[in-house]
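Reading through the structure tokens given below for one structure.
The values are calculated or read from the model by the stated rules, or taken from the named source; none is laboratory data. Small disclaimer: the values here were computed from a predicted structure and weren't measured. For neighbour counting, all protein chains shown are included, and Cβ atoms are generated from backbone atoms with ideal geometry for every residue, glycine included.
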Amino acid sequence: MPLEPFEAVVRRHGPTVLRVCRAVVGPDAADDAWSETFLAALRAYPALPLGSDVEAWLVTIARRKAVDQLRAAARRAVPVAEPPEVPSTTGLPGERDGELWAALAGLPEKQRQTVAYHHLAGLPYAEIAALVGGTPEAARRAAADGIAALRRTYRGAPDDR
Amino acid sequence: MTADLDRLAARLARAADDAGLLDVAFTTVDTPVGPLLLAATGQGLVRVAYAAEDHDAVLQSLADRISPRVLRAPARLDPAVRQLEEYFAGRRRAFDLPLDLRLSAGFRRDVLTRLREVGYGRTASYAALAAAAGSPRAVRAVGTACATNPLPVVVPCHRVVRSDGALGDYVGGVAAKRTLLSLEAAA
């Protein structure tokens, strides 16, 4: 099958990539990570081998862009004695997913990533292991631990209760 | 999520254009002859398509023949949309747009060039057009050139009719041809 128009790729895989970006870098930086992911993908798209797993390809790019963002944010961070009060970084007040992003952001990195890749992006553990390192079994355990932790810390959006 | 995606996709289209990666921009516009798909390369308007041609299939063919870097990016089509709206309102008689004729070659392209000389509100026969293109016996080939016109409405193949006065076929359907000719006769 020939390459689809890129607009179709954006429409089909855009939501998954956005979920991955939100889970890895949080809702605020997610837009930038998403945009950089799709711009990089658009640049490389004409050379993508036919029959490629487009979603796994995009998630790989998204992970790289998200890591770049986390590194950039870490470089910008300046230690202070007393953290200032800052506006919410977990979405708009009343936005139903805000608490979930906060709970996700509180997970250790490996758990957060494996939960994002498996439960939000729908990747199998073998592919996740290739992305985050370690064995598929370790990825499965990290995701299970992450979900168990979320069950303890996240009480659900108001209309899920 | 849908609103987020629309906003992000629009932002991506702008960034792609700035980065020189927007090989084919497209949008759709509602008209009295149904929704028209408009597509443009950096050189100009490259495709106008009726709904009957199946817009998804047309976009796939643009991806195959020009580049798969195809995005919904209305900004590049703003002048074309504005001029089409003026045309359908009876306020425009000629289109002043850069055209990219790469989807048409050889004799068909010659016919398209001749077509642009058939003025607003007038008609020409397939036979007359064949003669004008230098091949008086190529009447059938003129018909094919019109049927495969990548830029209907803007390149006015709707002004080509049969020598016996019948409307003849049209890429957008005979009803659309009648609508365009009535519009031009009334204005």
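Residues considered: B:60, B:43, B:83. Of these, the only one that is within 14 Å of chain A (Cβ to nearest Cβ) and farther than 21 Å from residue B:11 by Cβ is B:60. The set of residues in the range B:10-37 that are within 11 Å of another protein chain (Cβ to nearest Cβ), of a type in the set (Gly, Ala, Ser) and surrounded by fewer than 19 Cβ atoms within 10 Å (Cβ to Cβ) comprises B:10, B:15, B:19, B:20.
Of everything in the range B:132-150 that is surrounded by fewer than 20 Cβ atoms within 10 Å (Cβ to Cβ) and at pLDDT 90 or above, the residue that is farthest from residue B:162 (Cα to Cα) is B:148. Looking at the range A:20-54 only, could you name the residues that are among the charged types (D, E, K, R) and crowded, with 19+ Cβ neighbours inside 10 Å? Passing the criteria: A:22, A:36. Taking residue B:2, is it touching an Asp or Glu at 6+ places or on another chain (Cβ under 9 Å) and within 14 Å of chain A (Cβ to nearest Cβ)? It is false that residue B:2 is touching an Asp or Glu at 6+ places or on another chain (Cβ under 9 Å) and within 14 Å of chain A (Cβ to nearest Cβ). When the criteria are applied in full, residue A:90 fails the requirement of being polar (S, T, N, Q), in contact with a Leu (Cβ under 7 Å, 6 or more places away or on another chain) and either at pLDDT below 95 or over 26 Å from residue B:3 (Cβ atoms) (or both). Condition check: hydroxyl-bearing (Ser, Thr, Tyr) and either part of a helix (DSSP H, G or I) or on the phi > 0 side of the Ramachandran plot (or both). Does residue A:35 satisfy that? It is true that residue A:35 is hydroxyl-bearing (Ser, Thr, Tyr) and either part of a helix (DSSP H, G or I) or on the phi > 0 side of the Ramachandran plot (or both). In summary, residue A:23 fulfils each of the numbered conditions (1) closer than 16 Å to residue A:131 by Cα; (2) facing another protein chain (nearest Cβ under 10 Å) with the single exception of condition (2).
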